[in-house]
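Have a look at the structure below, then the notes.
The values are calculated or read from the model by the stated rules, or taken from the named source; none is laboratory data. What you are looking at is a predicted structure, and each value in this text was computed from that prediction instead of being measured. Cβ coordinates were reconstructed from backbone atoms using ideal geometry, including for glycine residues, and neighbour counts include every protein chain displayed. Ligands, DNA and RNA are excluded from the accessible area calculation, which covers all protein heavy atoms including side chains. Shrake-Rupley method; radii C 1.70, N 1.55, O 1.52, S 1.80 Å.
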Amino acid sequence: MRSTDILIVDDELGIREVLQETLEDEGYTVALACNAAEARTMRNKNRPAMVLLDIWMPDSDGITLLKEWAKNGQLTMPVVMMSGHGSIDTAIEATKIGALDFLEKPIPLQKLLSTVERALKYGETLVEASLAMDNLGNSPVVKELNKQIEHAMQQNSSILLMGEAGSPFETVARAFHKENTPWVQPSRPDNIADIPLELLNKATGGILYLGDISQYNKSIRQNISFLLTKAEKHNTRIICTNSRPIHELLDTSDHDTRLMNILSSTVVNIPPLRHHPEDIPFLIGKVLTELTETKLVAPVKFSNSAMAKLRQYDWPGNIEQLRNVVTSLALNAEDNEVNDGAVVRLLSQFVQNNTDNIRSSFNFNLPLRELREELERRYFEFHIRQENHNMSRVAQKVGLERTHLYRKLKQLGITFTRRSVNEKEDSENPAG
C-alpha cells in the first residue's frame, strides 16, 4: 500500500468519485476539490504529491489556476491537466506553463494509472530545496543563468560559481547533482586540509562541494588544488564558489594561482538579485510556500505596497537576505498580512549609517585603547548575531583560528554559546 496525497480538481461529482475510487483502490490517498477556489485553499495549506486538474470549471479555468501557481512559486508538484473537449493548442499551452501531461476524458484506466505513476516518480526527482534551480525566477537574467548551467553540464570539468555574498550558491551547485549519486560537503573547512582524500573517496561518482574559496587560508586552498588534480580519476565533479572579485584573490600574496587556473576553465556567474527584481514576487511566494508547508506560519499575504517596497530594495545580501527578511516578516505578521510599514521598519535596520551616525555611536573622548576595544566588541557581537552563534562560521568570517577567537572574546567580555547542531554532516546521499 502506498500513501500519497493526490489532489483531484474537477467540478463534476461523478468524475471526482470515479477517479477517487480508482486511485484509492491502488493504495493512494486522495483529496478532492470541486473548483479552483477550493483547490487554491488546499494548495495554500499543503503541497500535494501531484494534482489532476480539470481545465473547464465554472469559477476559474484550470489554465488560469496553473498560471497562478506558477507565478506564485507554488508549482512545486507535478500537475496533469484533464479535459473532455481539449485541443492540441490547449495541451501545448498547459505544458509551456508547467503542466507535466494532458489527459482527455473519458480517461482509460491504464492510461490514468500509468500517468499518475509517472507523475509521482517525476515529483520524487524534484529538488526539495526551497529555491530549486528551476524556481529561481523567470526573468531573462535567470534564463541566461540556466543557459550557463546547461553549457557547464556538458563539460566534465570542475566548476567555479562566481557571485556576491548571499547568492544561491548551493542551489545552483545542486543543479549539477544527479539522483542516486553522492553529494559530499565538508562540515568544517579544516576537513579539506585534514582529510582531503577521505572526502574525495566519499564523493566518487558524484559531487564534492567545497564552498567559498575566498574565505579559506593558503593551506586549505592548496589542498583544493590537490583535490582538483585527483578528481577525474575518482569520476568526481568538484564545485567551488567565490564571493569576491577575481582580481582581489589574485592580488593576495599567498594565493595559489594554479587553483584559479584550474577552476577558471568552467565558470558560472550568478547574477545579484538587484539585476532581476522582477523575480522578487515569485521568490517571496516560494519562501512563503515553504514556511506554510513546514507549518512554521499560517498562510500570510503581502500587500501590494509591501511587495513594491521589497522590489525597490537593492538586496546587498541577495537571495539569502531576502529569505531572512521574508521569514521575519511572515513570523511577525499581524492578522496574517504584511503591510509596507512593517517592510520599511525591517529594511531600515540594514541601511548603512552615514559618517555622522557613526560618530554619534562612539564616544570619541575615550582613550584610544578603550575606543578600539568598543569597536572590536561591536564588530564581534555583530558577526556572532549574523552567524546565529555558529562559532565555526564566525571564526571563518573574521579570519581567526577558533582558539584565538575564544581568547579574544573573553578579553572583550563577550558571552556566547557554542552551537554545533546546525553543522552539516560530511556527506549526504539523496538516495538515502
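Summary of computed values
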quantity	calculated
Lys, Arg +1 and Asp, Glu -1 on Cβ, resulting dipole of the range 223-342 about Cα centre, debye, nearest 20	420 debye
Principal axes of the chain: Cα extent on each, largest first, Å	82, 56, 39
Amide proton proximity set for residue 59, modelled H, under 5 Å, gap of 5+	36
Amide H partners (placed H, <5 Å) of residue 338, local residues excluded	301, 302, 303
Using alpha-carbon coordinates, inclination of helix 62-71 to the longest axis of the chain, degrees	0 degrees
Size of charge dipole - the chain - debye, nearest 20, with Cβ of Lys, Arg +1 and Asp, Glu -1, no other charges	1860 debye
Residue-span extension gain [residue 334 to residue 348] - 0.36 nm each, minus C-alpha spacing	3.1 nm
Charge dipole of the chain about the Cα centre (unit charges at C-beta), most positive-ward option of 379, 271, 284	379
Percent RCO, i.e. relative contact order, over the chain, from Cα pairs under 8 Å lying at least 6 residues apart	15 percent
Distance violations [Cα-Cα > 32 Å] among 218/410; 202/397; 45/397	45/397
Total charge dipole magnitude, the range 120-242, about the Cα centre, Cβ charges on Lys, Arg, Asp, Glu only, Debye to nearest 20	300 debye
Gyration tensor (Cα) of the range 193-235, equivalent ellipsoid semi-axes in angstrom	18, 10, 9
For the chain, share of DSSP beta bridges that run antiparallel, in % to the nearest 5	10 percent
Sum of -39500 (n - 2.57) over DSSP H runs of 4+, divided by residues of the chain (222 nm, nearest 500)	-14000 deg cm²/dmol
Potential lengthening between residue 398 and residue 369 on full extension [0.36 nm per residue; Cα-Cα distance subtracted]	8.4 nm
Which of 18, 398, 287 is most accessible, then next, and so on - probe 1.4 Å	18, 398, 287
Coil-residue trypsin sites (Lys or Arg not before Pro) of the range 146-180, DSSP, other Cβ within 10 Å capped at 14	178
Extreme residue, positive dipole direction of the chain, given options 214, 135, 153 (C-beta unit charges)	214
Charge-dipole axis of the chain as Lys and Arg at +1 and Asp and Glu at -1 on Cβ define it, positive-most pick from 316, 245, 107	245
